[in-house]
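A short reminder: the numbers here are calculations on the coordinates, not readings from a lab. Because the structure is a prediction, the values reported are computed rather than measured. As a convention, Cβ positions derive from the backbone with ideal geometry for all residues, glycine included, and neighbour counts pool all protein chains shown.
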Amino acid sequence: MKFSDFRVLEFDCYGTLVDWETGILDVLRPWARSSGRTISDGEILRAFAEAETRAEATMPAERYSRVLAATFHLVGRKLDIPTTSADAEAFAASAGRWPVFPDTAASLSYLKQHHLLVVLSNTDRATFAKTSEQLGVEFDRVLTAEEIGSYKPDLRNFEYAIRAIAKMSVAPDRILHISESLFHDIGPAKSLGLRAVWINRGAERIGAGATLPKPGAMPDLVVSSLAEFVELHRAEQSSSSPA
């Protein structure tokens, strides 16, 4: 793979640029412990992954904040912990404050010098607006589930993105999709013929993490962090520069 072949880098946001597992656990861990039961972080994230997937599939036209509130109630049902509307709304509101990974801002700043940057995210405009304050760059296009009317891994999201990027005079073979989630992103992106990079932050993940598995998803490149991706990108730039 030559990075210079790609005009657009298309990023997933939560889990890829944003450390959503830390953000999720910062809210759900104390709530779960308040029940008096011992529930591991892995159990909480697994319950979240199942609940969020169900909520997104059954509420495709709802804003992500509404989906997160519904997810909270489903997690409570799964873990047999009582929930309140106030707690659900507080959890939903926390998404815009979830922390970015330490390598995110500097990596995006570097990549912006060489590519157009696009976000394709399972979120709503208001939540992403809060998140974007931490990202450090202005994206050339931000595509949200709220705008599209469905949630990844629905192929409609990727087809919508391809059409939107075509209006930027960029063909699909010049799009490189970058994500941490095999389930939400790598699998469906590859099924449509897009090239894809898996940011496998396995060392930082707790258990299976906050997404469902996707057996058989085959990324074109696997790196352990966005910083590693940038290192490879820099190496290619250096090797192609005149001596």
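Listing for the model above:
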| read-out | value |
| --- | --- |
| Residue-count net charge about Met218 - beta-carbon cut-off 12 Å; Lys, Arg +1, Asp, Glu -1 | +2 |
| Fully extended contour minus Cα-Cα distance, from Ala105 to Thr22, at 0.36 nm per residue | 28.1 nm |
| Distance between the stretch 146-163 and the stretch 1-60 - C-alpha centres, whole angstrom | 19 Å |
| Inter-probe distance in nm under a simple model that places probes 7 Å from Cα toward Cβ, at Glu147 and Leu232 | 2.7 nm |
| The chain - share of DSSP beta bridges that are antiparallel (%, nearest 5) | 5 percent |
| Signed unit charges on C-beta, dipole axis of the stretch 20-97, positive-most listed residue Trp31, Ala93, Ala69 | Trp31 |
| At least 18 Å along the helix axis (C-alpha) and Kyte average at least -1.0, DSSP helices within the chain | 20-33, 41-58, 64-79, 226-240 |
| Potential extension, Ser34-Ala126 segment - 0.36 nm per residue separation minus Cα distance | 30.1 nm |
| Check: the stretch 20-97 dipole with +1 on Lys, Arg Cβ and -1 on Asp, Glu Cβ, in debye | 100 debye |
| Total formal charge among the other residues, if their Cβ is under 13 angstrom from that of Ile186, Lys/Arg +1 and Asp/Glu -1 | -1 |
| Charged-residue dipole, Cβ positions (Lys, Arg, Asp, Glu), the chain about Cα centre, Debye nearest 20 | 260 debye |
| Lysine pairs within the chain, Cα separation less than 21 Å, 8 or more sequence positions apart or different chains | 8 |
| For the chain, built as a Gaussian network whose Cα springs stay under 10 Å, the top-fluctuating residue of Thr22, Thr71, Thr38 | Thr38 |
| Helical mean residue ellipticity (222 nm; -39500 (n - 2.57) per DSSP H run of 4+; nearest 500) of the chain | -14000 deg cm²/dmol |
| Separation in nanometres of the label points that stand 7 Å from Cα toward Cβ, at Ser94 and Val137 | 2.9 nm |
| GNM result for the chain, Cα springs below 10 Å: residue of Asn200, Asn157, Asn122 fluctuating most strongly | Asn200 |
